[in-house]
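The structure appears right after this line, and notes come after that.
The values are calculated or read from the model by the stated rules, or taken from the named source; none is laboratory data. Please read all numbers here as calculations on a predicted model, not as lab measurements. So basically every Cβ, Gly included, is an ideal-geometry build from the backbone, and we count neighbours across all protein chains shown. Each accessible area value is taken on the protein alone, full model and side chains, heavy atoms only, with ligands, DNA and RNA left out. Shrake-Rupley method; radii C 1.70, N 1.55, O 1.52, S 1.80 Å.
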Amino acid sequence: MTHEIAVIPGDGIGKEVTPAAVEVLESLDIDFEFIEAEAGDAVKEETGEALPQETYDLAASADATLFGAAGETAADVILPLREAVDSFVNVRPAKAYPGIDAVRPETDLLFLRENTEGVYSGHEDRLTDDVSTLTRVVTESASERLAEFACDFVADSDKHDSFTIVHKANVMRETDGLFRDTVKSVADEQGIETDEVLMDAFATRVCLDPEQFDVVVCPNLAGDVLSDLAAGLVGGLGLLPSANIGPERALFEPVHGTAPDIAGENVANPAAKIISAAMMLEYLGYEEESEAVNAAVEATLADGPRTPDLGGDASTEDVTAAVIDRL
Ligand code: GGG
């Protein structure tokens with residue numbers, strides 16, 4: 001069976017780490033057809049459009065999509081691409097790896113981020129020269145869909161048995177109130193234990209003692225920001241993968257952005273993108289291959305070579321070759 005994979009590198013270091021992940025996947029004995037498409041700042045400059053219709057259509061029809069990074073045009077690229085795969089949850093594991101100099105080496109978190117609404121709904125207005133507004137949308141249906149995913153995830157897992165709902169319902173009473181109440185009610189109905197923490201308190205508590213948290217279910221912006229914060233605890237954004245899951249297809253991308261300061265220098269850490277590709281393998285049913293890729297990345301992180309963000313002097317290509325050698 002051939003799997004059609006859309007490959008959309010995007011901008012900046014997305015153009016370096018995405019081919020690295022494709023190279024790793026090509027080294028496996030699986031029949032992939034990779035179809036590359038453009039999106040982002042560079043294509044907008046050329047054509048006026050950040051996300052060409054054929055790129056959107058490809059993501060909406062491929063078995064899975066590998067995305068790289070979005071820069072200035074993130075709102076016009078990554079949000080519609082997530083919509084193309086109807087992805088209602090962004091799964092972001094944030095864990096420390098042996099051998100990596102982490103602020104909190106005991107960190108092992110899994111963020112389940114609402115992926116369709118909140119402040120990322122795109123309802124922004126400039127009312128006057130000096131006043132702009134943003135409408136935050138929270139619906140029961142999107143909160144329910146996320147909660148059902150979280151409950152199924154915990155119920156099917158040997159490792160997790162509850163989750164923490166992170167919100168700010170004491171201030172955003174209507175929106176986060178609806179989010180919190182809906183997620184809790186679905187979990188109660190399904191007999192899944194939950195607790196809840198205000199998002200500002202979570203930010204402090206996770207830095208002081210990350211072990212008190214495990215699976216974290218949160219609204220869109222909170223999930224984006226708090227998972228980046230968790231990246232700081234484990235050694236940087238070069239280590240965090242993610243999966244945008246929909247009912248029939250999914251899109252896999254590193255948590256990091258385009259990193260314009262190092263783009264084009266062949267020094268970007270490809271680990272987050274390669275681990276995202278391992279998540280894609282698991283999603284497509286290749287559990288053994290997924291575990292092998294994860295193990296090869298872990299061994300490479302532990303023993304090197306390492307890119308400069310992790311204190312080494314290796315290139316993106318060196319690290320990719322080392323991962324492939326270990327497969
Ligand atoms: N690969 C992730 C990426 O491009 N991040 C840049 C960004 O602005 N992300 C916003 C988001 O993940 O919602």
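Residues I8, I35: which one is away from the ligand (no atom under 16 Å from the Cβ) and either buried (at least 23 other Cβ atoms within 10 Å of the Cβ) or not in a helix (DSSP H, G or I) (or both)? Can you show your working first?
Working: I8 fails: away from the ligand (no atom under 16 Å from the Cβ).
Exactly one residue qualifies, and that residue is I35.
Within 16 Å of the ligand (Cβ to nearest atom) and either over 30 Å from A147 (Cα atoms) or not acidic (D, E) (or both) - does that describe any residue in region 308-315?
From region 308-315, those within 16 Å of the ligand (Cβ to nearest atom) are 309; that's our starting set.
With the extra rule that they be either over 30 Å from A147 (Cα atoms) or not acidic (D, E) (or both), the set shrinks to 309.
Within region 308-315 (the criterion being within 16 Å of the ligand (Cβ to nearest atom) and either over 30 Å from A147 (Cα atoms) or not acidic (D, E) (or both)), the answer is yes, since at least one residue qualifies.
How many residues, within region 77-94, are away from the ligand (no atom under 11 Å from the Cβ) and open to solvent by 10 Å² or more (accessible area, probe 1.4 Å)?
Within region 77-94, residues that are away from the ligand (no atom under 11 Å from the Cβ) and open to solvent by 10 Å² or more (accessible area, probe 1.4 Å) number 7.
Mind counting the residues in region 63-76 that are within 11 Å of the ligand (Cβ to nearest atom), open to solvent by less than 20 Å² (accessible area, probe 1.4 Å) and not in a loop (DSSP other than H, G, I, E, B)?
Total satisfying the criteria: 4.
Among the residues of region 11-25, count how many are away from the ligand (no atom under 14 Å from the Cβ) and open to solvent by 10 Å² or more (accessible area, probe 1.4 Å).
3
Among the residues of region 184-202, how many are of a type in the set (A, V, I, L, M, F, W, C), crowded, with 16+ Cβ neighbours inside 10 Å and in a helix (DSSP H, G or I)?
4
Quick one: which of S141, S162 is among the polar types (S, T, N, Q), exposed (fewer than 14 other Cβ atoms within 10 Å of the Cβ) and over 25 Å from V255 (Cα atoms)? Please lay out each step first, then the result.
Working: S162 fails: over 25 Å from V255 (Cα atoms).
Residue meeting the stated conditions: S141.
Give the residues of region 168-183 that are in contact with a strand residue (DSSP E or B) (Cβ under 7 Å, 6 or more places away or on another chain) and open to solvent by less than 70 Å² (accessible area, probe 1.4 Å), sorted by residue number.
Of region 168-183, the ones in contact with a strand residue (DSSP E or B) (Cβ under 7 Å, 6 or more places away or on another chain) are 168, 170, 176, 179-180, 183.
Selection gives K168, D176, F179, R180, V183.
What single numbered condition from (1) under 24 Å from D86 (Cβ atoms); (2) within 15 Å of the ligand (Cβ to nearest atom); (3) out of contact with any helix residue (DSSP H, G or I) (no Cβ under 8 Å at 6 or more places or on another chain) fails to hold for P260?
In the conditions (1) under 24 Å from D86 (Cβ atoms); (2) within 15 Å of the ligand (Cβ to nearest atom); (3) out of contact with any helix residue (DSSP H, G or I) (no Cβ under 8 Å at 6 or more places or on another chain), P260 misses (1) alone.
Criterion first (assigned by the TED database to the domain that holds A272 and either away from the ligand (no atom under 16 Å from the Cβ) or in a strand (DSSP E or B) (or both)) does L28 satisfy it?
On the way: assigned by the TED database to the domain that holds A272: yes; either away from the ligand (no atom under 16 Å from the Cβ) or in a strand (DSSP E or B) (or both): yes.
Judged against the criteria, L28 is a match.
For a quick check of your reading of the model, give me the residue pairs whose first member lies in region 13-37 and is polar (S, T, N, Q), whose second is in a loop (DSSP other than H, G, I, E, B), with beta-carbon atoms closer than 7 Å and at least 6 apart or on different chains.
Taking only residues 6 or more apart or on different chains, the pairs are S27/L327.
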